[in-house]
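S.K.: After the structure tokens below, expect a handful of questions from me.
We did not get these values from a lab; they are worked out from the coordinates using the rules stated. The structure displayed is predicted, hence computed values, not measured ones. Ideal geometry is used to build each Cβ from the backbone, glycine not excepted, and the neighbour counts take in all protein chains shown.
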Amino acid sequence: MSTTRYRSDDDDLDGFYRDIAEHDLQPLWEMRGLLTPTPTVKTLPHRWTAGDLQKLAQRSGELVPIDRGGDRRVLALANPGLAGAPYVSSTLWAAVQFLQGGEVAPAHRHSPSALRFILDGDGVYTVLDGDPVTMARGDLVLTPAWAFHEHHNPGSQSMMWLDVLDLPVVAGLDAVFFEAGPSEDADRSTAPRSSSERRYGQGAGLVPANGSAHPHERAHSPLMVYRWAETDAALTALLELSDTGDAQLRFRDPTRDRDVMPTLRCEMRRTTAGTRTVTDRQTGSRVCAVLDGSGTVDIADRTYTIAEGDIFVVPSWATHTLCATTALDIFTTSDAPILEALSLYRSEQVAP
Ligand code: GTQ
Ligand code: FE2
């Protein structure tokens, strides 16, 4: 017997509960909390400060070589509500990755989808299926499912960035696959613009017209990097038209009306100094990183101060309000495409 054995004061019923447990059966009528009026969420609101993340990532660099633990020097943000699991929420993996000057994180690929958001610095480039992509502050870099990727830091400065993966979802679906890449340490010359940018990042609404530019239908955006200069300009332009002091952009596939990857939604938000945003909540979880500015965030019944480099998590259906002391630039990744695909996505504004 390995399943839960239910108890009753009634001897006959108690014997029945013993017998069904021996047959790995359980009585629904004794269960509570299965079909709840609103989601029962284990993920807790939490914030990791830039200072702690930077200090501890730096120490990992001093203590741990790059070859230990999956060829990546990565500290997973572990949500305190998830019983020690290395997940930032029930559906998302978030981590800081630290790469010192001269180091290479070797090639591999996996069925979970990943992305990088760079909160500070530059100098690292990542190679995506042979296409080198430079990484710098404010850039969003995609690592779609099953694309080979390796990270190179040819300079002398160490660099840290945020990784987000859909790993908990893929693991929950028992669909994790992983493959090491061909070992090859030679540094590749980095073109100033990746070929993905030259094809798909030339300008809003401009995509190659020739069919050969679409070698095959992919489940993800063909543009592998969204540069900060463009994101910044788009936020500035949106704010000029807004009287709320709050602008939100979505990163999307430039060739089709959909999110950057099938499981992950990415957005960038700018909230001007002194602005308090409307309170919202949505199904699915969000991990947010502060690129710039300072203020506070209310998540459910908790309030956190936030500043440049901090990372926080908003659990499913938790209310969320930003209050900007200085202008806040916040990057957000969520699992919303999954919920939308399954008709489980709900969002609403909540009266303050
Ligand atoms: O950079 O390839 O945070 O494979 C977790 C798994 C980063 C990566 C993570 C990974 C990577
Ligand atoms: Fe990876």
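S.K.: Using the Karplus curve 6.51 cos²θ - 1.76 cosθ + 1.60 with θ = phi - 60°, work out ³J(HN,Hα) for each residue of the range 92-103 in order, rounded to whole Hz, and write x for Gly and Pro.
M.R.: 10, 9, 9, 7, 9, 10, 10, 10, 7, x, x, 8
S.K.: Springs between alpha-carbon atoms under 10 Å, Gaussian network over the chain: tell me which of D246, D174, D67 tops the mean-square fluctuations.
M.R.: Fluctuation is largest for D174.
S.K.: Please list 3J(HN,Hα) in residue order for the range 26-37, calculated via the Karplus relation 6.51 cos²θ - 1.76 cosθ + 1.60 where θ = phi - 60°; whole Hz, with x for glycine and proline.
M.R.: Computed from phi, the couplings for the range 26-37 are 9, x, 4, 5, 9, 8, 10, x, 7, 10, 9, x Hz.
S.K.: I need the calculated FRET efficiency for the pair Y304 and E22, taking r as the beta carbon distance and R₀ as 35 Å, to the nearest 0.05. Before the final figure, lay out each step's value.
M.R.: Numbers: r = 49 Å, r/R0 = 1.39.
Between Y304 and E22 the formula returns 0.10.
S.K.: Okay, moving on. Could you pull out every residue, at least 5 positions away or on a different chain, whose amide H is within less than 5 Å of the one on L128? Hs are placed 1.01 Å off N in the peptide plane, and Pro or chain starts have none.
M.R.: Amide H neighbours of L128, under 5 Å, 5+ apart: V133.
S.K.: Please list 263-276, 324-337 highest first by mean number of surrounding beta-carbon atoms within 10 Å per residue. Spell out each step's value before the answer.
M.R.: Numbers: 263-276: 19.9, 324-337: 22.0.
Ranking the peptides 263-276, 324-337 by packing returns 324-337, 263-276.
S.K.: Mind running the shape call on the range 223-352? Use the C-alpha gyration tensor, a ≥ b ≥ c as the square roots of the eigenvalues: rounded below 1.5 for a/c, prolate if a/b tops b/c, oblate otherwise.
M.R.: On the way: a/c = 1.65, a/b = 1.11, b/c = 1.49.
Oblate, since a/c reaches 1.5 and b/c is not below a/b.
S.K.: At a threshold of 8 angstrom on Cα-Cα distance, excluding pairs fewer than six apart, so keeping six or more, what relative contact order does the range 268-352 reach in percent?
M.R.: Contact order relative to length: 45 percent.
S.K.: Once amide H atoms are built 1.01 Å from N in the peptide plane, which residues 5 or more positions from T279, or in another chain, come under 5 Å H to H?
M.R.: Here V350 satisfy the definition.
S.K.: Under the definition of Cα pairs under 8 Å and six or more residues apart, what whole-number percent is the relative contact order of the chain?
M.R.: Working: 801 pairs, mean separation 54.4, N = 352.
Rounded, it is 15 percent for the chain.
S.K.: Given R₀ = 25 Å, what would the calculated FRET efficiency be for A234 paired with D120, taking r from the Cβ atoms and rounding to 0.05? Mind showing how you got there, number by number?
M.R.: On the way: r = 21 Å, r/R0 = 0.84.
Using R0 = 25 Å, I get an efficiency of 0.75.
S.K.: Another question about this same structure. Angle between the Cα long axis of helix 11-22 and the longest principal axis of the chain, 0 to 90 degrees, nearest 10?
M.R.: Roughly 40 degrees between the two axes.
S.K.: Shape of the range 213-294 from its Cα gyration tensor (a ≥ b ≥ c, root eigenvalues): rounded if a/c is under 1.5, otherwise prolate when a/b > b/c, or oblate?
M.R.: Numbers: a/c = 2.41, a/b = 1.68, b/c = 1.43.
Prolate is the answer for the range 213-294, as a/c is 1.5 or above and a/b outweighs b/c.
S.K.: Here's something else I'd like to know. Taking 0.36 nm per residue of sequence separation and subtracting the Cα-Cα distance, how much length would be gained by fully extending the chain between L241 and T3, in nm to one decimal? Before the final figure, lay out the partial values.
M.R.: Details: separation 238, 0.36 × 238 = 85.68 nm, distance 5.90 nm.
Fully extending the segment from L241 to T3 adds 79.8 nm.
S.K.: While we're on this one: Which of rounded, prolate or oblate describes the chain when judged by the alpha-carbon gyration tensor and an a/c cut-off of 1.5? Spell out each step's value before the answer.
M.R.: Numbers: a/c = 1.74, a/b = 1.40, b/c = 1.24.
Cα axes put the chain in the prolate bin.
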